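Q: Next up is a structure, given as structure tokens.
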Amino acid sequence: RCARATSARSRPSPAHPTDLAAEMSDRFALGDFTGALRAAELLRGQDPKDVEATQVATVSRDRLARLGGLEAVLDLKVAGAEVRWLGLDHRAGFLLSCVDGTTTVEEIVDVSGMPKHEALRLLAALLDGGAVTRIG
């Protein structure tokens, strides 16, 4: 009987829709568009009319598509001397130093040592800010 009670307590409880909605919102706010999209699609599977999940899915898909996928190649759009005026933090500056017109987004993310969602968020911000451009 004790073993049964212990195993029942050790099993994780099923995720509630509100927990999934909070996870979606948190991931989206942090720029984790891959995680936000995954949570939004799960919510839409439960309720196809969920307006917030639909909006998050749409925006997340758009943000991820702007980079062109992990096989996309980025190139610098600003001259070397202009980089200092971008006001980049050290992480964005490091990512920018990896952009050379031949290295893929996936290779940049791998070399960065950052969590994937953080590196992708920063690359998307560099793209939005006009520091880099997608080739092809």
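Q: Which fully enclosed helices (runs of 4 or more DSSP H) of the stretch 57-136 have 3 or more residues being open to solvent by less than 70 Å² (accessible area, probe 1.4 Å), among the β-branched types (Val, Ile, Thr) and modelled with pLDDT of 90 or more?
A: Fully inside the stretch 57-136 and qualifying: 105-112.
Q: Which of the residues spanning the stretch 27-42 are open to solvent by 60 Å² or more (accessible area, probe 1.4 Å) and more than 18 Å from Ala125 (Cα to Cα)?
A: Scanning the stretch 27-42 gives Arg38, Glu41, Leu42.
The values are calculated or read from the model by the stated rules, or taken from the named source; none is laboratory data. Quantities reported herein were computed from a predicted structural model and do not represent experimental measurements. Areas reflect the complete protein model, heavy atoms only, side chains present, ligands, DNA and RNA absent. Shrake-Rupley method; radii C 1.70, N 1.55, O 1.52, S 1.80 Å.
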